[in-house]
Amino acid sequence: MVAIGIATKGRLVADLIAVGCFEDEAPPTERLPEELGQAALGIARRQGWKGRDGQTGEATVPLDRPGRGQAAGRDQVVSLWGLGKRSRWDRRRLEEWLDEALLYARTNGARRAAVVPPEHAETRGRDAAARMIRRALLSEYRYDRYLQVPDLSQPRLGKILLVAPVGETRLFRDQLDRGRAAAAAVTVARDLSNAPANEATPRQLAEEMESLALSHGFHCRVLGPKELKKRSMGGILAVGLGSRQPPCMVRLERDDGSEGGPSVALVGKGVTFDSGGLSIKPANDMTSMKYDKAGACSALGAALGAARLELPLKLRVYLPLAENMPGGGAYRPSDIVRCANGKTVEIVNTDAEGRLLLADAMAWAVEEGAESLVELSTLTGGAVTALGDVGAPLFSGDDGLAEELLAAAGQAGERLWRMPLWPEFVDSMKGEHGDLRNSAGCSASPCTAAGFLAHFVGELKRWAHLDIAGTAQAGGNGEATGFGVPTVLGWLEELAR
């Protein structure tokens with residue numbers, strides 16, 4: 001991961017300094033050394049400069065005292081960025097600008113890049129600091145594990161410097177660990193989600209998850225088919241029947257030893273590849289199905305972030321892993337499956353497989369005494385239809401938990417939208433020949449899927465389901481995003497506090 005630091009006015013040395021400036025306002029020169037501030041003012045005085053969104057200008061300043069890794073005599077470039085009207089600026093625009101400015105620095109050969117955000121409510125305070133640090137670090141993320149020759153056309157930065165708002169330099173420095181922990185957690189989720197199905201079978205993924213968890217102080221247990229059968233986890237077993245790769249369940253536990261800390265469960269769907277089973281998907285719909293494990297990867301990432309921050313929580317994580325394939329032994333429409341809490345499920349559609357994994361995992365989490373449970377999954381195409389790749393539906397029958405997660409998402413810069421978990425949706429999942437059915441069709445599918453899960457939480461009130469089907473990939477067909485990690489990690493921080 002790229003190095004990051006918080007620069008002071010007197011020690012701001014970089015190849016390129018990106019300065020944000022609102023429309024019809026002066027650049028924030030009070031946070032720049034005199035020569036850099038004068039350069040920024042010179043750009044703003046040029047004919048035609050208004051600070052409109054997307055407008056840029058540059059000036060060079062001779063470097064009298066080079067920083068580490070810089071050659072003497074090399075010029076510094078001051079790049080002034082128009083951000084549009086202050087009244088129309090928000091958190092998402094800030095993050096987009098950070099990405100744009102750092103990409104510009106990389107593509108123009110900078111090794112040390114500095115970013116000077118404008119004075120704004122979204123750039124001040126501990127959460128804003130941690131969020132910007134995380135975003136800046138993740139701007140360097142690239143999944144190139146399988147490239148024999150790295151893509152040298154995309155150079156990397158050696159160091160990123162953030163210039164804090166006036167009076168907040170120490171506060172920003174205090175948030176470096178939080179920002180780094182969140183960035184590392186998202187990176188883990190992205191790396192595991194991006195891994196191809198032939199290199200991330202249920203067993204292989206479980207081994208990698210176990211290794212990561214052990215290195216962060218978790219106790220780890222991996223249940224294979226025999227143990228799953230003993231625990232009557234028929235949902236996970238059924239989904240894995242058609243594959244040569246046997247299913248498994250990863251269970252992690254970490255207790256910081258403090259008395260009275262909250263008992264929290266995280267659950268994540270881990271379908272390492274989803275062909276749809278016998279209810280097979282169209283060919284074009286399968287190309288991104290390695291990402292059907294993104295929920296499990298994000299749940300793990302958030303848990304590792306919590307461990308890195310040493311949050312005082314009793315934390316358990318349940319990650320059911322299976323490959324959904326149409327082999328000769330595959331489960332069929334009309335089969336009846338018995339899940340861990342004893343409920344039977346009539347299979348209507350084998351492509352509604354994720355909820356079967358989650359049923360067993362959630363039932364186990366409740367059995368073990370979770371006081372709060374948050375589950376993440378790429379569960380329905382309806383979530384994509386509803387919110388696209390912009391945000392994720394949130395379902396919870398508990399108003400308090402829903403508000404906590406919405407607040408955490410807002411602080412993290414992610415978008416959740418609470419959708420209804422009405423009794424009709426819960427009742428619609430009742431079966432004819434089994435207690436339940438695994439699909440109620442396309443109508444309101446995110447809501448009925450959440451209604452299905454509601455049958456597996458018993459009397460637990462504080463549970464929530466995040467359907468990240470549309471947000472797990474960039475643009476819906478790009479690399480993994482690690483969506484949900486910053487939100488859940490932020491929620492865990494507040495819960496621990």
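So what's the gap between the Cα centers of region 446-497 and region 241-282, to the nearest angstrom?
Between the Cα centre of region 446-497 and that of region 241-282, the gap is 13 Å.
Across region 483-488, in residue order, what do the Karplus-derived ³J(HN,Hα) couplings come to in whole Hz, using 6.51 cos²θ - 1.76 cosθ + 1.60 with θ = phi - 60° and x for Gly and Pro?
Running phi through 6.51 cos²θ - 1.76 cosθ + 1.60 with θ = phi - 60° gives 4, x, 4, x, 5, 5 Hz.
Using a simple spin-label model with points 7 Å from Cα along the Cα→Cβ vector, what separation in nm is obtained for L103 and C442?
3.3 nm
About the Cα centre of the chain, how large is the charge dipole given +1 on each Lys and Arg Cβ and -1 on each Asp and Glu Cβ? Please answer in debye to the nearest 20.
1020 debye
Got a sec? Charge dipole of the chain, +1 on Cβ for Lys and Arg, -1 for Asp and Glu; which of A392, T471, A128 is way out at the positive end?
Comparing the listed Cα positions along the dipole, A128 ranks first.
Given the pairs K226/K314; K85/K159; K226/K290; K281/K461; K226/K281; K230/K461, which span a C-alpha to C-alpha distance of over 32 angstrom in this model?
Numbers: K226/K314 28 Å; K85/K159 30 Å; K226/K290 25 Å; K281/K461 35 Å; K226/K281 30 Å; K230/K461 28 Å.
Beyond 32 Å: K281/K461.
Among [x] 4, 16, 23, 25, 20, 10, 2, 0; [y] 4, 19, 29, 26, 16, 6, 1, 0; [z] 4, 20, 28, 22, 14, 9, 3, 0, 0, which is the computed P(r) over Cα pairs in 10 Å bins from 0, in percent?
[z]
Along the Cα→Cβ direction, 7 angstrom out, place labels at R170 and S211. What is the inter-label distance in nm?
4.3 nm
If you put +1 on each Lys and Arg Cβ and -1 on each Asp and Glu Cβ, how big is the dipole of region 308-398 around its Cα centre, in Debye rounded to 20?
Values: 7 positive and 13 negative charges, 19 e Å.
Computed about the Cα centre, the dipole is about 80 debye.
Amide H to amide H, which residues 5 or more places from A340 or on other chains are under 5 Å from it, using H placed in the peptide plane?
The list, which skips near neighbours in sequence, is G234, G235, D360.
Under a straight-distance cross-link criterion of Cα-Cα below 15 Å, which aspartates and glutamates are reachable from K269, leaving out those fewer than 8 residues away in the same chain?
Within the straight-line cut-off, K269 pairs with D292, E323, D351, E353, D360, E375, D467.
Residue-wise, which Karplus ³J(HN,Hα) couplings in Hz belong to region 128-136, taking 6.51 cos²θ - 1.76 cosθ + 1.60, θ = phi - 60°, and x for glycine or proline?
Calculated HN-Hα couplings, in order: 4, 4, 4, 5, 5, 4, 4, 5, 4 Hz.
Could you list which residues have their amide H under 5 Å from that of D53, counting only those 5 or more apart in sequence or on another chain, with H placed in the peptide plane?
Here the answer is G84, K85, since their amide H atoms fall under 5 Å of that of D53.
Can you give the angle from 0 to 90° between the axis of helix 34-44 and the longest principal axis of the chain, with both taken from C-alpha atoms, to the nearest 10?
With both axes taken from Cα atoms, the answer is about 80 degrees.
I'd like the distance separating the alpha-carbon centroids of region 368-410 and region 1-69, in whole Å.
Result: 40 Å between the Cα centres.
Tilt of helix 202-215 relative to the longest C-alpha principal axis of the chain, in degrees (0 to 90, nearest 10)?
Taking the Cα atoms of the chain, the angle to 202-215 is about 50 degrees.
Give me, ordered by chain and number, the residues 5 or more places off I468 or on other chains with an amide H under 5 Å from its own placed amide H.
Those lying under 5 Å, H to H, from I468 are S377, T378, L379.
Mind listing the phi-derived Karplus ³J(HN,Hα) values for region 89-100, rounded to whole Hz, using 6.51, -1.76 and 1.60 with θ = phi - 60°, and x for any glycine or proline?
8, 8, 4, 5, 5, 4, 5, 4, 5, 4, 4, 5
Treating only the Cβ of Lys, Arg, Asp and Glu as charged (+1, +1, -1, -1), what charge dipole size does region 418-497 show about its Cα centre? Round to the nearest 20 debye.
Computed charge dipole of region 418-497: roughly 120 debye.
Could you point to the residue in P320, A265, G277 farthest towards the positive end of region 261-343's charge dipole, with +1 and -1 charges on the Cβ of Lys/Arg and Asp/Glu respectively?
A265
Cross-link partners among aspartates and glutamates for K430, C-alpha distance below 12 Å, same-chain residues fewer than 8 apart left out?
Leaving aside aspartates and glutamates fewer than 8 places away in the same chain, those within reach of K430 are E346.
Throughout, read-outs are computed from the coordinates displayed, never taken from laboratory work. All of these numbers come straight from a predicted model, not from anything done at the bench. Every residue, glycine among them, receives a Cβ derived from its backbone with ideal geometry; neighbour counts consider all protein chains shown.
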